[in-house]
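First up is the structure itself, then whatever we jot down about it.
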Amino acid sequence: AIDSLRKAIDLEPTNATLYTQLGNAYLFAKKMEDAEQAYRQAIALKPDAMDAYIGMSVLFENQEKITDAIAVFANIGPQLNDHPDSLYQVGRLFYNRNAKDDVDRAEKLWLRAVEVQPDFGNVLYSLALLYDKKGNRAEAIKYMEKVQALHPDNQDVAKVLKTWRGR
């Protein structure tokens, strides 16, 4: 895959999507420096290449550099606010880092993500866990029921709901 992407880039050297895909391939191959360089090239070519930002944040997260993974999104401004995948990713990073105010930051990002994409199952599930963590079981159940409506055959969701409802 890497060789094919390099050949495609030779043909289209200004294609940010190809660089993002190359970064993903390098990340999969655990060639972290090459992955970072490819993501940086994608962002240089297209400053709103949100998938490149997500890839770069995953790269840093894999290196256990959570604060760096969050910082990837610091300068992209309004684009983040309208991109549910990025909102989910940054929220997940804040939630997992769990420093002061991080859970509240995650909540805010995830609520914005479901405004943009109301049927985003991963965000709804994450919000359910967040509200359960905060001790707001009623709100947790509300979001988990939304996940169940999207995925009625998911036994894990049914099991969580059964536990939370006390049945």
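The values are calculated or read from the model by the stated rules, or taken from the named source; none is laboratory data. Computed from a predicted model, the values in this text were never measured in an experiment. Here Cβ is always computed from backbone atoms with ideal geometry, including for glycine, and neighbour counts include all displayed protein chains. The accessibility values were calculated without ligands, DNA or RNA, using every heavy atom of the protein model including side chains. Shrake-Rupley method; radii C 1.70, N 1.55, O 1.52, S 1.80 Å.
Taking A42, A25, A69 in turn, the Gaussian network model of the chain (Cα-Cα springs below 10 Å) assigns the largest fluctuation to A25.
The accessible surface of the chain, taken with every protein chain in place and a 1.4 Å probe, is 48 percent carbon and sulfur.
Give the residues of segment 25-50 whose amide nitrogen is closer than 19 Å to a point set 7 Å from the Cα of E64 in the direction of its Cβ. From segment 25-50, the list is 30-33.
Sorted from greatest to least, the principal axis extents spanned by the alpha carbons of segment 20-69 come out as 26, 23, 13 Å. Normalised by the number of residues in segment 107-167, the mean separation of alpha-carbon contacts (under 8 Å, six or more apart) gives a relative contact order of 25 percent.
Here F28 and A138 are evaluated by their C-beta separation; at R0 = 41 Å the FRET efficiency comes out at 0.50. Compute the accessible area per residue over segment 1-142, keeping the other protein chains in place, probe 1.4 Å, unit Å². Ligands and nucleic acids excluded, the result is 54 Å² per residue. Have a look at A38, A52, A71 and tell me which one the Gaussian network model of the chain (Cα, springs below 10 Å) gives the largest fluctuation. The residue with the greatest mean-square fluctuation here is A71.
Just how many % of Cα pairs in segment 14-150 lie over 20 Å apart, if you round to the nearest whole percent? Can you show the working numbers first?
Values: 4535 of 9316 pairs.
When every Cα pair of segment 14-150 is considered, 49 percent fall beyond 20 Å.
The stretch between N81 and H151 holds 22.6 nm of extra length on full extension. This uses 0.36 nm per residue minus the Cα-Cα distance.
From the helices alone, meaning DSSP H stretches of at least four residues, give me the mean residue ellipticity at 222 nm for the chain, per-run term -39500 (n - 2.57), in deg cm²/dmol to the nearest 500. Numbers along the way, then the final one.
Working: 11 runs with 127 residues, N = 167.
So the helix-based figure for the chain works out to -23500 deg cm²/dmol.
Taken over the chain, lysine pairs spaced eight or more positions apart, or on distinct chains, with alpha carbons under 22 Å apart number 25.
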